[in-house]
Every structure is written in C-alpha cells, then in structure tokens.
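The values are calculated or read from the model by the stated rules, or taken from the named source; none is laboratory data. Just so it is clear, the model here is predicted, and its values are computed rather than measured. A quick note on method: Cβ atoms are made from the backbone with ideal geometry, for glycine too, and the neighbour counts reach across all protein chains shown. Accessible surface areas use protein heavy atoms only, side chains included; no ligands, DNA or RNA. Shrake-Rupley method; radii C 1.70, N 1.55, O 1.52, S 1.80 Å.
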Amino acid sequence: MTTAFASPSTYVQGKGLLKTAAQYIKPFGSHGILLTDDIVWGLVGEDFYGYLTDAGLTIERVAFNGESSPEEIDRVQGIGESTGAKFIISLGGGKTNDTTKAVGDRLKIPIVIVPTLASNDSPCTRLSVIYSETGEFLKYMFYDKNPDLVLVDSAVIANAPVKFLIDGMADALSTNVEAQTIARARTTTLLPLETKQTAADIALAEKCEALLFEFGDQAVAAAGKHMVTPAVDQIVEANILLSGVGAESSGLAAAHSFQNGLTALSGDVHKLSHRQKVAYGTLVNLVLEGASDGRLEKYLAFELALGLPTTLADLHLEDASDADLMKVAELTVQGGETIHNMGFDVTADDVFQAIKAVDQFSKQFQGIEE
C-alpha cells in the first residue's frame, strides 16, 4: 500500500500578520505580482501593498477580474512573464487563490496565498477550480505541489462578515466525516497520486473536527463582533489549514458528491453557498454509512446551532418532487464522483432515501410538525 501526505511548505497565522508579511516573502526574491480584486484592494490590499513596498519589495499590483478562467490565467501569466516576477501573491478569496496557483504553476515561481476569508480550504491545496468567463464550471486543475507559503492574518479574517467563518466551519465539518469513511473503505484520497491515507492525514482531520466542537460557539460569538480571540484563531486554523490539508490528503466521499448532485436542479437552492450544501451532504454521508442516532444527532445539533441547512425546506427544496430529488441522487452517483469512495456500492435510490431521511430526522429532532 502506498500512502501520501501533502501540505503547504510553510503556514503562518497571526493577528496583524499583513504588517510583517514581507519577512516571510523576501526569501523568494525582490519583485513579484500581487493579485487582488478591487474590493479587497480597497479594504486591505492598498495597505498590504504599502507594507511590502516599504520593506523594500517591488510589487506589481494586478487587478483580478473575478473568475478563475483560462483567459484570466493567460492574462496574469503574461504580466508575470513581462515583469520577470519571482513570486506571485494572492490576496482574496477562493477564485483569486485558484488563479494564483495556476499562474504560479505555469511560471514555476513560488506561490504565496494570503486569504481574506476563512470560508474555504483553497489556500492550502494543490488544485484549482476552473470556470468559464461567465462562471460555468469547467474542470479541476491539479499541480505537482501545494503553495509555498500561506499567510493568514486572523484580524483580517475576523473583520469579514461572520457568515464566511460559518461557511468555512460547514466545509470543515465534512472533513473528518469523509476522512473516516475513506479510512474504513481503504479507498484513495483527493491527491492526484492514487495513494492512500497516512496516519498524519487522519490525525489532522480528527483534530479539525475536535476544534470545531470545542471552540466553535466562542469563535462565532467573537468574530460576529470582529474580535480576535484564541477561539477565533483555533477555528481559522481548522477552516483553512486542517480542513484543507485533511480533506486533500484524506479524501472526499458522499458529502461533496451530494453538493455536486444539486446542480441537477435550478432555482433558489443555488442561492446557498457550496459550503451550506456540503453541510446537508455531511448528514447524507452519515445516513448512508449507517451512523447511530447519537452520532447523527451530534452533527445535526452542531449544524442547527450555526443556522446551516438540515431540511429540504432549508435547501429551498420543500416543494421538490420525488422525481426532482431522484435527479439529484442520480447526478450524485455519476461516474467519477467521490461518493464511490464509500467502500460499498451506493445507488441513486440509496442517495434518494438518505436525502429524505435527513429531512425527516431533522424535522423530528426539532419538533417540526408536518
């Protein structure tokens, strides 16, 4: 059996880190690109640019156009080539990160990720999600290595709306559930290496979950008032580092496939974020694997406390027909989906039953009468 573990070369997290970031970046060279959109530029980007240039770095600020598309990657790559950039920095969210990783991989220069949200685990992974210029999903791109440096300023994260932190917690909650599924099934991980989990992979996924249950309530309360506390730091690390490395090196199962399956339908369900849909998918994963009442209640209560969707009504699918839900189920089990890592055959009918079972169990748990 061949196992593998992957992670960023260096991860640094702390309050006010933007002000001292130059010391971590200078070893890569004296000049590089800073990719950030106009909104982030106005919030923190201009100050960050000043900190870097005051420290003696030459930085070319490139305005991100909003989509991690082939065209945007080509454009930014061209700027990097013409300026002779020695490194590239992403300051922003998931699509900015994904574009930066693609450009850095093409130019074979160090990649620095400076996330402004803890809503997703893209900063630490070796893949990008690629979209068309109009926002349609195209493909995943996998790279030979993870980012060289991830710098997380917890004050910047705490100053964002708390809903983004909660989104990240929803995604992080699926990490250990899916990791344990993969461990039992002995199937392959998300790494493009066709490898199995290491003990380190599982340990990080388990620690990710432990931090969520130990510090989640405190962190949401503090971040809701834009405060940085030790609990906030713990959850930021869980959302970005432990979830990113844990999910990539431990693997995905039914929770993320369910999220993909929802693309079979149109309508208000797509007003929800990727992470909110994964939250429901985590419960579907648990039902499919035969979780006990106590185990299912543990995750259900956690999601309810965060205001995450646990019923079909929460997904804006209260009026969805059985035929509609079967369409979701059929897409969830299409070839190539990670649900086939469960370690046993999962049919569309199995998923259909699990979707409805989660809805019914949640309503019963909450005392909602039909």
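Looking only at Cα atoms, what is the convex hull volume of the stretch 150-266 per residue, in Å³?
Working: hull volume 14.1 nm³, N = 117.
Measuring per residue, one finds 121 Å³ for the Cα hull of the stretch 150-266.
If you take the alpha carbon radius of gyration of the stretch 114-158 and divide it by 2.2 N^0.38 Å, what ratio comes out, to two decimals?
That ratio works out to 1.36.
How many angstrom separate the Cα center of the stretch 184-198 from the Cα center of the stretch 1-43?
28
Which value, in Å² and to the nearest 10, is the accessible area of Leu193 when all protein chains are kept and the probe is 1.4 Å?
Here the residue's solvent-accessible area equals roughly 90 Å².
Per residue, how much accessible area does the stretch 235-370 have with a 1.4 Å probe, in Å²?
Roughly 39 Å² per residue, with all protein chains present.
Sum up the charges of everything whose Cβ sits under 15 Å from the Cβ of Phe361, counting Lys and Arg as +1 and Asp and Glu as -1, but leave Phe361 out.
-4
Extent of the stretch 53-103 along each principal axis, from alpha carbon coordinates, in Å, largest to smallest?
32, 23, 15
log₁₀ I(q)/I(0) of the stretch 113-213 at q = 0.10, 0.12, 0.21, 0.24 Å⁻¹, via Debye over equal Cα point scatterers, no solvent, to two decimals?
Result of the Debye calculation: -0.34, -0.50, -1.34, -1.39.
Which longest run of the chain has no exposed loop site in it, a site being trypsin sites (Lys or Arg not before Pro) in a DSSP loop with at most 10 other beta carbons within 10 Å, and the site itself not part of the run?
In the chain, the maximal stretch lacking such sites is 226-370.
Enumerate by residue number the GluC sites (Glu not before Pro) in the stretch 270-333 meeting two conditions: DSSP loop (anything except H, G, I, E, B), and at most 13 other Cβ atoms within 10 Å of the site's Cβ.
When the GluC sites (Glu not before Pro) of the stretch 270-333 are filtered for loop state and at most 13 Cβ neighbours within 10 Å, Glu318 remain.
Just the projected area, averaged over all directions, of the convex hull on the alpha carbon atoms of the stretch 148-201: how many nm²?
Values: hull surface 20.9 nm².
It is 5.2 nm².
Could you tell me which residue out of Ala313, Gly244, Val150 lies farthest along the dipole of the chain toward its positive end? Charges go on the beta carbon: Lys and Arg +1, Asp and Glu -1, centred on the Cα centre.
Val150
Tell me, what is the per residue accessible area of the stretch 1-112 in Å², probe radius 1.4 Å?
Per-residue value: 44 Å².
Quick one: dipole size for the chain, taken about the Cα centre, charges +1 on Lys/Arg Cβ and -1 on Asp/Glu Cβ, in debye to the nearest 20. Before the final figure, lay out each step's value.
Values: 27 positive and 49 negative charges, 247 e Å.
It comes to approximately 1180 debye.
Can you give the direction-averaged projected area of the convex hull of the alpha-carbon atoms in the stretch 271-319, in nm²? Working shown, then result.
On the way: hull surface 14.1 nm².
The directionally averaged projection comes out at 3.5 nm².
How long is the stretch 80-139 along each principal axis, judged by its Cα atoms, biggest number first, in Å?
31, 24, 17
Give the value in nm², to one decimal: projected area of the alpha carbon convex hull of the stretch 202-339, averaged over all directions. Mind showing how you got there, number by number?
Working: hull surface 36.2 nm².
It is 9.1 nm².
I need two numbers for the chain: Rg to one decimal and Dmax as a whole number, Cα atoms only, in Å.
Just the Cα atoms of the chain yield Rg and Dmax of 20.4, 65 Å.
At 10 °C and 1.306 mPa s, what whole-number value in µm²/s does Stokes-Einstein give for the translational diffusion of the stretch 1-144, with Rh from the Kirkwood sum over Cα pairs?
Rounded to a whole number, D works out at 103 µm²/s.
What is the chain's relative contact order, in percent, from Cα pairs under 8 angstrom and six or more apart in sequence?
It comes to 16 percent, rounded to a whole number.
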